[in-house]
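Data first, discussion second: the structure below is written as structure tokens.
The values are calculated or read from the model by the stated rules, or taken from the named source; none is laboratory data. From a predicted model like this one, the values you see are computed outputs, not experimental measurements. Note that each Cβ is placed from the backbone with ideal geometry, even for glycine, and that neighbours are counted across all protein chains shown. Surface accessibility is based on the protein's heavy atoms, side chains included, excluding ligands, DNA and RNA. Shrake-Rupley method; radii C 1.70, N 1.55, O 1.52, S 1.80 Å.
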Amino acid sequence: MDVFRIEGPVRLSGRVAVNGSKNAALPIMAAAILAEGRSSLAGVPRLSDVRVFGDLLQTLGCRVERDADGRLEIDATVIDNPVGDYEIVRKMRASVCILGPLLARYGRAEVSMPGGCAIGDRPINLHVRGLQELGATIHLKNGYVIAEAPDGLRGASIFLGGSFGSTVLGTANIMMAATLAKGRTVIESAACEPEISDLANCLNEMGARISGIGSPRLAIEGVPRLHPVRYEVIPDRIEAGTFMVAAAITRGELKLVNCRLDDMMAVVDKLRSVGVAVEPDESGCTVAGAEHIRPTDVTTQPYPGFPTDLQAQLMALLALAEGNSVVIEKIFPDRFMHVAELNRMAADLRKEGPAVIVAGVKNLVAAPVMASDLRASAALVLAGMAAEGTTIINRVYHIDRGYERIEERLNPLGAKIYREDTPAP
Ligand code: EPU
């Protein structure tokens, strides 16, 4: 199993290009199911989650391959096995977003019920309720969600808000299903994340009729069929934010290209408020760290608020601030697996329910630590680059799910991150 050995501290400098967005690419790959024929997607990152999702689409009957230019080609001419198998779904929760498109195209879908994961329980009640309102019958059998709509789906008005706000993949699922439903669907309290807007834009390119894109009220006029698409997914705002914190935590300076600052206003605002300089330019921005980081309070929220997917990375930076910060997690209240690991690196973090009190320390100190989920592992890589000594991060497969060969991206900028293979215990 691979581990990272990270030598620190380092100061990063240089230019880095942000990859296409994982969380936009996965639902857009699912959208390819909606149209017979071959869709071609650019900007799909080479991540283990993308490979797993490709495997899932192949089990349904699709053909999935990269062309010579690196585009992802998905041929969904044949869908003959509308089943999301437990062995694949358990590896990746995003698999649940095949439910809506399969039901719309095939009239039936069986998808293993996703379990909890390191960041919390992650129910799918809102996905199920939305599909039921579109006329599907749904029951649970042997751990599988079985959804049926033999006579097709019909448009409806659906409120998709839950106790923790809107749902990103729930909105994706219902929006995709509604594109082929008879009549008009309105989704209230739809997720407004840029990844949902990207999916909606892609669906419209496929012939869907979606309006209200980017707002919490999406209206979808059903059409009889969609056609395959050539599309390019947006840059990854979470990867961009991780690079921004990398510049800040190493007191370095990075130029980010292929970065849409307009999607990241809450992040940019928070980084500026602690003393990090973010200067926009034509292709992205330049981010420069400060010698002194100011403390701050931050609450994660649905877009356009501060994203939960950058909470762990920001916490690593605040661990080095000159004073006390408070981090409140409003999306996944248990998403704090990084807290104990950062404390092993001499951070001073105290968890109080869905909040963490961060008492800034002068230095982080290297230690062996355990990656627990994707973003928590990113926080440990950031901390490792700032800490004095050799940090060992175990279970780096978590980070490979969402960052493409991160060591090969950061080492040319001055990082010293070495991937090493250790025999399984
Ligand atoms: N929720 C419900 N019922 C539902 C669905 C969600 O109560 O049916 C709750 C969740 O438990 C959570 C909140 O609603 O408290 C928001 O969850 P959401 O459904 O928006 O999360 P998701 O769609 O499963 C996506 C991203 C996550 C990201 C969240 C929040 C993908 C593939 N995943 O998950 O990304 O954290 O939105 O922005 O798009 C990551 O990339 O590391 C990651 C975990």
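Observations, loosely collected:
- Spin-label proximity, Leu140 to region 72-97 - amide N less than 20 Å from point 7 Å beyond Cα toward beta carbon: 83-97
- Solvent exposure of the chain as accessible area per residue, Å², 1.4 Å probe: 39 Å²
- Annotation: extensible slack from Glu87 through Asp67 equals 4.5 nm (criterion: 0.36 nm per residue apart, minus Cα-Cα distance).
- Here the label points at Asp151 and Arg184, each 7 Å from Cα along the C-beta direction, are separated by 2.3 nm in the simple model.
- For region 200-228 versus region 246-322, the gap between their alpha-carbon centres in whole angstrom: 33 Å
- Karplus-based coupling profile of region 82-93, in residue order and whole Hz: x, 10, x, 6, 3, 4, 8, 4, 5, 7, 8, 4, with θ = phi - 60° in 6.51 cos²θ - 1.76 cosθ + 1.60 and x standing for Gly or Pro.
- Surface share of carbon and sulfur [accessible, 1.4 angstrom probe, percent] for region 137-269: 49 percent
- Listed peptides 67-77, 244-254, 123-133, 266-276 appear in the order 244-254, 123-133, 266-276, 67-77 once ranked by packing, highest mean of other Cβ atoms within 10 Å at the front.
- Taking 0.36 nm per residue of separation and subtracting the current Cα-Cα distance, fully stretching the chain between Arg419 and Ser215 would add 69.2 nm.
- Taking the Cα centre of the chain as origin and assigning +1 to Lys and Arg Cβ atoms and -1 to Asp and Glu Cβ atoms, the resulting dipole is close to 380 debye.
- What the phi angles of region 158-166 give under the Karplus curve with 6.51, -1.76 and 1.60, with θ = phi - 60°, is a coupling list of 10, 9, 10, x, x, 4, 10, x, 7 Hz, glycine and proline written as x.
- Close amide H partners of Val229, meaning residues 5 or more places away or on another chain with modelled amide H under 5 Å apart, are Ser39, Ser40.
- Full-stretch length increase - Arg405, His227 - with 0.36 nm per residue and alpha-carbon distance subtracted: 60.7 nm
- The share of accessible area on region 320-425 that comes from carbon and sulfur is 54 percent, using a 1.4 angstrom probe.
- For Gln301, distant residues with modelled amide H under 5 Å away: Phe306, Thr308
- Sequence-distant residues sharing a close amide H with Cys285 (under 5 Å, placed H): Leu256
- Per-residue Karplus couplings for region 59-73, computed as 6.51 cos²θ - 1.76 cosθ + 1.60 with θ equal to phi - 60°, are listed in order as 5, 6, x, 6, 10, 10, 8, 8, 8, 4, 8, x, 6, 8, 9 Hz, Gly and Pro entered as x.
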